[in-house]
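Every number in this text was worked out from the coordinates using simple rules, so none of it is lab data. Bear in mind the structure is a predicted one, so any value in this text is a computation, not a measurement. With ideal geometry, Cβ positions are generated from the backbone for all residues, glycine too; neighbour counts draw on all protein chains shown.
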Amino acid sequence: MRLKPLAAVAALVAAIAATALTPVEAKTFRLSHNTNDSTTWQKGAEKFNELLKEKSGGEMDVRIFPMAQLTGGDQMKQAEMVGRGALDFVVTSAINVTPLVPEMAVFSLPYLYSGYDDVDATTSGEPGKKMEEIMAEHGIVVLAWGENGFREVTNNVHPVKTPDDMKGLKMRVAGPMYIDVMNALGANPQQMQWTETFSALQQGVVDGQENPIGAVIIPQRVYEVQKYLTTWHYSYDPIFVGVSEKLWNSWDDKTKEMVRSAAEEAMDYQKTITREDTAKGIDFLKEKGMEIYQPSDAEIDAFREATKPAFDTWAKKVGPDLVGLFQETIDAGGKKAEAK
Ligand code: X2X
């Protein structure tokens, strides 16, 4: 069809105007995480997507791939891929990064933390910054810290009240440090992908596992295949939003600031709902038929004592300076809380 000269000019003007209004082509990035699409990890990732879209005026967003789909279910491989720029964003937890960055195990040292105040003092303080520097050396820019949570133990054999009760239990674990912790307790640990764990519990390949209540046990319905839960709070696991350094360096300061603030708001939200769901979680799990054991402080001390060899081994691997920085920050936070 031939346009009349005037119409042709008008079309040209409209085309130029449209280009001027959209200087950058809208871009969809890939975000990988390793739990299913009902967890607070997913909700945090969705919130990040919403905020990114909103703050960029629709120019940036993410497509979310749960269950480590992009790495064939390999939850440890995600961080490595982001590190070499083969994947844009990741939401994953500290323990999954330890094969690439052993220092990340510091967060999850057995009984390092006594509660959320300790956790927040480290993630929002010097220790968090230090970990961000270490991660950047591996090509991963940590944008914000969120929460997987305090990991609680479940099994199908009997209630766990003392370290002795762990003896001989076949335990699925996520990462190398937890192998050493379980060995210290006399259990039989086996490293397994999270995506394979539900059916392994269902079929009795393993007797138990350990994961946080709000972020994982409830949304992933672990209560359907596990009878006993003990709130031993033995290890804390943060999650984070990370972006490949290559991608990060391709952005100007304004874009960097925008992406970081979207991640920070999203992880604040994710942490809040995770803590809420955890607080309500015990009652919910009882209703679902789980038998819950809440150990006393003295009983917790026995678990702390029994897991100390694993703490010492991993404190060495992580480096005493780093562990010291975390412990000093926790102690200073504790003093501030006492003075209140
Ligand atoms: O695999 C696990 O146990 C999980 C989901 O908590 C982690 O990704 C560490």
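From the residues in region 173-227 that are part of a helix (DSSP H, G or I) and of a type in the set (D, E, K, R), which one is farthest from SER38 (Cα to Cα)? Per the stated criteria, the residue is ASP180. When region 238-275 is filtered for residues that are out of contact with any Asp or Glu (no Cβ under 7 Å at 6 or more places or on another chain), closer than 18 Å to ASN49 by Cβ and not in a helix (DSSP H, G or I), the ones remaining, listed by number, are PHE240, VAL241, GLY242, TRP251. Scanning region 98-113 for residues that are under 17 Å from VAL323 (Cα atoms) and either touching a residue at least 40 places away in the same chain (Cβ under 8 Å) or touching a Pro at 6+ places or on another chain (Cβ under 6 Å) (or both) yields THR98, PRO102, GLU103, ALA105, VAL106, PHE107, SER108, LEU109, PRO110, TYR111, LEU112, TYR113. Summed over region 286-323, the residues that are more than 22 Å from VAL153 (Cα to Cα) and loosely packed, with under 12 Cβ neighbours inside 10 Å give a count of 3. Among the residues of region 162-176, the ones that are within 19 Å of the chain's Cα centre (by Cα) and either away from the ligand (no atom under 11 Å from the Cβ) or of a type in the set (Phe, Trp, Tyr) (or both) come to 1 in all. Each residue in region 306-325 was checked for being closer than 20 Å to ALA184 by Cβ and either among the aromatic types (Phe, Trp, Tyr) or in contact (Cβ under 8 Å) with a residue 40 or more places away in the chain (or both), and 12 pass.
Of all positions in region 156-174, at least one carries a residue that is acidic (Asp, Glu), surrounded by fewer than 19 Cβ atoms within 10 Å (Cβ to Cβ) and within 18 Å of ARG304 (Cβ to Cβ).
Considering region 26-141, the qualifying helices (runs of 4 or more DSSP H), each wholly inside and each with 1 or more residues that are within 14 Å of the chain's Cα centre (by Cα), within 15 Å of the ligand (Cβ to nearest atom) and surrounded by 23 or more Cβ atoms within 10 Å (Cβ to Cβ), run over 40-55, 77-83, 94-97. Can you confirm whether LEU247 is within 20 Å of GLU132 (Cα to Cα), in contact (Cβ under 8 Å) with a residue 24 or more places away in the chain and among the aliphatic types (A, V, I, L, M)? For LEU247, the condition - within 20 Å of GLU132 (Cα to Cα), in contact (Cβ under 8 Å) with a residue 24 or more places away in the chain and among the aliphatic types (A, V, I, L, M) - is met. If a residue must be within 16 Å of the ligand (Cβ to nearest atom) and among the basic types (Lys, Arg), how many such residues does region 142-161 contain? Number of matching residues: 1. Counting only residues that are surrounded by fewer than 17 Cβ atoms within 10 Å (Cβ to Cβ) and away from the ligand (no atom under 14 Å from the Cβ), region 210-230 holds 2 of them. The combined condition, being touching an Asp or Glu at 6+ places or on another chain (Cβ under 6 Å) and part of a helix (DSSP H, G or I), is not fulfilled by THR278. Being in contact with a Pro (Cβ under 8 Å, 6 or more places away or on another chain) and either away from the ligand (no atom under 16 Å from the Cβ) or at positive phi (or both) is a property that ASN183 has.
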